[in-house]
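Working notes, structure below.
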Amino acid sequence: MFKVKLTLDRKNYEMYIKSIEPELTETFGRSRVYETLDKNNIYINIEAPDVPSLKASISSIARVLNVAKKILEGKIW
């Protein structure tokens with residue numbers, strides 16, 4: 001099992017995470033994605049059985065975060 005934990009500053013990214021929360025509760029193919037929080041940070045945890053699945057999940061999360069950021073900041077293509 002391969003695991004990655006993305007750490008985001010809670011103060012700066014909480015709005016983006018709230019907008020994509022439904023995406024974070026789903027499975028991405030063979031990967032499992034979930035979030036955890038503490039006082040200062042938001043952690044996006046990704047668990048996958050192999051490297052290609054892990055890479056695909058990281059790419060999906062990054063793409064969704066990028067779209068949310070552009071929409072919330074009014075910078076739509």
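Derivation of every value follows stated rules applied to the coordinates shown; laboratory data play no part. Predicted model, so just to flag it, every value in this text is computed and none were measured. Every residue, glycine as well, gets a Cβ built from its backbone with ideal geometry; the counts of neighbours run over all protein chains shown.
For the reader, a short list of remarks on this structure follows.
- Two-site FRET efficiency, Arg10 against Asp50, from Cβ-Cβ distance with R₀ of 35 Å, rounded to 0.05: 0.70
- Over segment 2-72, all Cα pairs binned in 10 Å intervals from 0 give whole-percent P(r) values of 21, 55, 23, 1, listed from short to long.
- Coupling constants for segment 44-52 follow from the phi torsions by the Karplus curve (6.51 cos²θ - 1.76 cosθ + 1.60, θ = phi - 60°), and in residue order they are 9, 9, 10, 10, 9, x, 8, 5, x Hz; glycine and proline get x.
- Only lysines eight or more places from Lys11 in sequence, or on another chain, were considered; those with a Cα closer than 26 Å are Lys3, Lys39, Lys69, Lys70, Lys75.
- Using a cutoff of 8 angstrom between alpha carbon atoms and counting only pairs six or more residues apart, the relative contact order for segment 2-72 works out to 38 percent.
- Estimated dipole of the chain in Debye, rounded to 20 [Cβ of Lys and Arg +1, of Asp and Glu -1, Cα centre]: 200
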